[in-house]
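The structure under discussion appears below in the form of C-alpha cells.
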Amino acid sequence: MPWPIIRAMTRSWKDIQLKNITSKSLFRLRGRLLAGAMMVLPVAMTVVPLHGVHAADVLGQKVGTSLQQAQTALAAHKYPQAMAAIDAADAVTGKTEYESYTIEQMRAAVAAQSGNVPAAISAYDKLIASSRTPAATKEQMALAEGSMAFTAKDYPQAIAVTEKYIKAGGKNPQMLTILIQAYYLQHDYANAARVQQGQIDATIKAGARPTENQLQLLAACQSQLHDTTGLTRTYVQLATYYPKPDYWAQVVHSVLSNPNMAPGLRLDIDRVRLEAGLVKTSAEYMDITELAMQAGLPQLALDIINQGYSSGVLGHDATAPRTEKLKALVTQGVAERKAGLDAATAQATTGNALLTAGYNYVLFGQADKGLAVMKQGIAKGPTDINIARLHLGLAQAAAGQKDAAIATLNSVEGTNGARDIAQFWVLKLNAAPAAH
C-alpha cells in the first residue's frame, strides 16, 4: 500500500497550479503583446509604427481595408467575421513583408481572444520567426503560446511549444513550470521528474532554495515511478528546506522501508524512530532500551529509558513495575561498564569491540579518548565499515562535534540501510544540534 502521505500529496498536487499564469494574467499578457494590432488601421496606405519604422512599412488599400474590418469585428467580439476579414487580407496577392507581418499580428489577436489555440500558436510562430519582433516580445509570445495550450488542456501542444522554446535557449522559469506540469498531467512522470529534478538541481547550485511545490511535484512523480531512492532524497530535501512533521515522518518511513536493511541496524532504526518522535508506547521504549543493553551501550539504554519517563510514556500504566526493574538493571549496567571499561578496552581484539568500547567512553563523557578508540577500531577492520562510520558519526554528534559528525556521516555508503540512516542524522544535525 502506498505511504498515506504520498497519496495525500498526489491528490493535493492537483491544487498546485500555475500561480502566475491564470486566465486573467494570460488575458493581460495577450493585451500587452497585441496592443499594436489593435491600433486604428486606416483604409488608405498608412505608416503603422508597431516595432520601428521601415521604409516600406505601409499597408496597401486592399490589405488595409480588410484589416480595418477585422479590427472592427474584433472590438465587437465577432470573431468569425474578424477571422474572415483577416483571411481576405491574407488572400491579397503581392503583399509586402510588412503587410504579412501585420496580418499575423491581427490573426494572433483574434485567435488568442477567441480561444483558437492552434491558430494563435501558428500566428505567434510566424511573429517569433520575424526579425521585426524584438527579443523580449518573442519571449512573451512564446510564454503566451505555452500558456494558452496549457490553459486549453492541450498538453501535447504545450509540451511542444515549451520544449521548442527551451531548446532555443529560453530561460523563463514559467515555461519550465508549464512543461513540467504538462508532462505530469499527461502521466508522463519520467519526463516530469527529469525536468523538475533539473530545475531543482540548478536552483540549489545557484545557492537558492527550491520551492515546496517543486519538491512536492518531484516526490509525486517518484512515487508513481516507484523510485524509492529518489523519493527518499526528495523528502530529505523537503524536510531540510520545509521542516514539517509529515516530511519528517516520510523520511523515517523511507529509511525504515529499505528492503536491504541490515539486521545489525535494528537499534539504529529504533533510534531514528525515537528521534523523529514516532515511539509512543511503553513497550517500544522498553524494547529499545533492551536493544541498547544487548549492544553493550548501557548509558545509551539509560538515556532512552529516562527519555521515556520524561515524555510521560513510562511509569503510568500496568508496565510501571517492570519498567522500574529494567531501569534498575540498566543503572547497574552503567556502573559495571564504567568500572570495567579500561580493562575491556585493553583486552579488545576486534574492530567491533574497540568501536563499542570507544562509544562507551564518549557516552560516559570522555569524548576525546572514546573517539580515538573508535577510530582505532575502524582502522583494525570492523565487520561492516559503513555501520562503523555511522556509529562514529553518532558518537561525534554526542560529543558536540557537529561538523566532524556530518563529514563522517556523509562518508557512509552502501545499500544496507546504513547510508539512509546516516543521511537522516545529517538532516537532523543540519536542522538543529542533535543529542546522542
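Is there a residue being at pLDDT below 90 and of a type outside the set (Phe, Trp, Tyr) anywhere in the stretch 208-216? No: the stretch 208-216 contains no residue that is at pLDDT below 90 and of a type outside the set (Phe, Trp, Tyr). Of all the listed residues (Asp227, Asp270), the sole one being among the charged types (D, E, K, R) and closer than 30 Å to Thr319 by Cβ is Asp270.
Ala399 fulfils the conditions (1) under 16 Å from Asp268 (Cα atoms); (2) in contact with a Leu (Cβ under 9 Å, 6 or more places away or on another chain); (3) surrounded by 19 or more Cβ atoms within 10 Å (Cβ to Cβ) except for a single criterion, (1). Please tell me if Asn416 is in a helix (DSSP H, G or I), out of contact with any helix residue (DSSP H, G or I) (no Cβ under 6 Å at 6 or more places or on another chain) and either modelled with pLDDT under 90 or aliphatic (A, V, I, L, M) (or both). So Asn416 fails the test. Within the bounds of the stretch 255-273, is there any residue that is more than 27 Å from Gly414 (Cβ to Cβ), touching a helix residue (DSSP H, G or I) at 6+ places or on another chain (Cβ under 6 Å) and surrounded by 15 or more Cβ atoms within 10 Å (Cβ to Cβ)? No, the conditions are met nowhere in the stretch 255-273.
For the stretch 81-108, residues that are more than 17 Å from Ser122 (Cβ to Cβ) and either among the polar types (S, T, N, Q) or assigned to a helix (DSSP H, G or I) (or both) total 8. Residues that are within 13 Å of Glu97 (Cβ to Cβ) and in contact (Cβ under 8 Å) with a residue 40 or more places away in the chain were ranked within the stretch 126-147; the one that is surrounded by the fewest Cβ atoms within 10 Å (Cβ to Cβ) is Arg132.
Results for (1) crowded, with 24+ Cβ neighbours inside 10 Å; (2) among the aliphatic types (A, V, I, L, M); (3) under 25 Å from Val255 (Cβ atoms), shown as yes or no for each residue.
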| residue | (1), (2), (3) |
| --- | --- |
| Ala335 | no, yes, no |
| Lys338 | no, no, no |
| Thr345 | no, no, no |
| Thr350 | no, no, no |
| Ile387 | no, yes, yes |
| Asn416 | no, no, yes |
| Val426 | no, yes, yes |
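The residue that is nearest to Gly365 (Cα to Cα), counting only those in the stretch 300-317 that are in contact with a helix residue (DSSP H, G or I) (Cβ under 9 Å, 6 or more places away or on another chain) and surrounded by fewer than 17 Cβ atoms within 10 Å (Cβ to Cβ), is Asn306.
Looking only at the stretch 64-86, decide whether some residue is under 24 Å from Ser130 (Cβ atoms), modelled with pLDDT under 55, among the small types (Gly, Ala, Ser) and more than 52 Å from the chain's Cα centre (by Cα). No: the stretch 64-86 contains no residue that is under 24 Å from Ser130 (Cβ atoms), modelled with pLDDT under 55, among the small types (Gly, Ala, Ser) and more than 52 Å from the chain's Cα centre (by Cα).
Taking Ala328 as the residue in question, decide whether it is closer than 30 Å to Gly377 by Cα and surrounded by fewer than 20 Cβ atoms within 10 Å (Cβ to Cβ). It is false that Ala328 is closer than 30 Å to Gly377 by Cα and surrounded by fewer than 20 Cβ atoms within 10 Å (Cβ to Cβ). Go through the residues of the stretch 355-368 one by one and say whether even a single one is of a type in the set (D, E, K, R), surrounded by 16 or more Cβ atoms within 10 Å (Cβ to Cβ) and without any contact (Cβ under 8 Å) to a residue 60 or more places away in the chain. No - not one qualifying residue is present in the stretch 355-368.
Going through the stretch 375-393 one residue at a time, which ones are out of contact with any Ser or Thr (no Cβ under 9 Å at 6 or more places or on another chain) and free of Cβ contacts under 8 Å to residues at least 60 places away in the same chain? Those that are out of contact with any Ser or Thr (no Cβ under 9 Å at 6 or more places or on another chain) and free of Cβ contacts under 8 Å to residues at least 60 places away in the same chain: Lys375, Gln376, Ile378, Ala379, Ile385, Ala388.
Restricting attention to the stretch 127-175, the residues that are part of a helix (DSSP H, G or I) and within 30 Å of Gln222 (Cα to Cα) add up to 26.
If you filter the stretch 243-252 down to residues that are assigned to a helix (DSSP H, G or I) and surrounded by fewer than 17 Cβ atoms within 10 Å (Cβ to Cβ), you find that the one that is modelled with the highest pLDDT is Asp246.
The values are calculated or read from the model by the stated rules, or taken from the named source; none is laboratory data. Computed from a prediction, not measured in an experiment: that's the story for all the values here. Heads up, the Cβs are rebuilt from the backbone with ideal geometry, glycines too, and the neighbour counts pull from every protein chain shown.
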